[in-house]
Amino acid sequence: MAKICVLLCFILLAASGFANVSGSEPKEKKVGIYELKKGDLSVKFTNWGATIISLVFPDKNGKLADVVLGYDTIKEYTNDTSYIGAIVGRVANRIGGAQFTLNGTHYKLVANEGKNILHGGLIGFSDVVWKVQKYQNEGDAPHIVFTYHSADGEEGFPGDLLVTVSYTLLGDKQLSVKMKAKALNKPTPVNLAQHTYWNLGGHNSGDVLSQYIKIFASQITLVDSHLIPTGKFASVKGTPYDFLKSKAVGSRINKLASGYDINYVLDGGAGNKLKPAAVVYDKKSGRVLELSTNAPGLQFYTSNSLKDVKGKGGFVYEPHAALCLETQGFPDAVNHPNFPSTIVTPKKPYKHNMLFKFSTKAPYAS
């Protein structure tokens, strides 16, 4: 999952503006760190890529740990090639041939993975400064709202797009993520994803192969050698992709070329209501992550491409150091009429919700 480093002007802007922000009205183009805290859950963000940079909560013995991979400085985020913690778009995942046709017009996009486009192109939503529209770290629902105006023609995509991402702490150790997008003048494909790398043992605890996962999906979308969907579906039963019952991440990973990187067709389809997507359990720490969403798909990725990545505190991340749970529309949907549509119009806005629940219980673990 490679991408090209962003323009120097963005790097200089970010490097000069990276600072802790405590006020409720930060400057629009300043890159800062923002913390939300409620009870035992603390989450930090930066408006570079609307990125989650840390998430801390206790294990079964009350010991705190940061369970997301990341970096110590904003410069490292601007040089990141793995989309760590960021919102990716305008279209997450891959579009085959970096092209599509919509309403009779053919669009050629900016390829950044061979002939294909991945996670929005050379400069996707993960590589821009978002405006902090709201920031409130008090009350029953601490929250932060990021917005970004994506211009017509950006990375080849049609139409102006206004994007909003809201992070809110709810209840007992819950994180709500709400992604919205409004097409201002032209129909356009939109598929946003939250690309955090999770390791419930702690970001510096090693690999996640012994952690357990349950995925609420009976099918996957088949892909070719370049991870572009063929348009066909396959049952997970009897395959290494079957996590309908909780199993260790590494229990059958040796049957795959390098690890998991596949879109699951979530049971229950798409809609406005949240449905269960995945449950992750780390036996050693007792930590549990439960994820629900209204999206039709879930990209399960075991950080296969991480190699010698220097992260927080100098810890070096290697393959399988974390897992990503990217709820999404199906990859390359714009080229597959049988996939749920990802087209957004001025009259049909985009809405994508996620809810993370963190605990030290394990209702689905074996």
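The values are calculated or read from the model by the stated rules, or taken from the named source; none is laboratory data. Being a predicted model, the structure only gives us computed values, none of them experimental. Cβ placement follows ideal geometry from the backbone for every residue including glycine, while neighbour counts extend to all protein chains displayed. Heads up: the accessible areas ignore ligands, DNA and RNA and are worked out on the full protein's heavy atoms, side chains in. Shrake-Rupley method; radii C 1.70, N 1.55, O 1.52, S 1.80 Å.
Overview of results
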{"item": "One residue from K173, K134, K186, K182 being closer than 17 Å to V334 by Cβ and charged (D, E, K, R)", "result": "K186"}
{"item": "So P319, is it part of a loop (DSSP other than H, G, I, E, B), within 23 Å of H203 (Cβ to Cβ) and at pLDDT 95 or above", "result": "yes"}
{"item": "Scope region 195-217; condition under 18 Å from Q328 (Cα atoms) and assigned to a strand (DSSP E or B); matching residues", "result": "Y197, W198, K214, I215, A217"}
{"item": "Region 90-121, subset touching a residue at least 40 places away in the same chain (Cβ under 8 Å) and touching a Ser or Thr at 6+ places or on another chain (Cβ under 8 Å), residue nearest to V334 (Cα to Cα)", "result": "L102"}
{"item": "Single residue of F243, F233, F157 found to be in contact (Cβ under 8 Å) with a residue 24 or more places away in the chain, in contact with a Gly (Cβ under 9 Å, 6 or more places away or on another chain) and either open to solvent by less than 10 Å² (accessible area, probe 1.4 Å) or of a type outside the set (S, T, N, Q) (or both)", "result": "F157"}
{"item": "Residue within region 97-117 that is touching a Lys or Arg at 6+ places or on another chain (Cβ under 7 Å), under 20 Å from M354 (Cα atoms) and open to solvent by less than 50 Å² (accessible area, probe 1.4 Å) present", "result": "no"}
{"item": "Residue match in region 78-98 (condition: touching a strand residue (DSSP E or B) at 6+ places or on another chain (Cβ under 9 Å) and over 30 Å from P319 (Cβ atoms))", "result": "no"}
{"item": "Residues located in region 128-141, provided they are closer than 18 Å to Q194 by Cβ and either more than 21 Å from the chain's Cα centre (by Cα) or not in a strand (DSSP E or B) (or both)", "result": "V128, W130"}
{"item": "Enumerated strands (runs of 3 or more DSSP E) restricted to region 218-316, each holding at least 2 residues that are at pLDDT 95 or above and aromatic (F, W, Y)", "result": "297-301"}
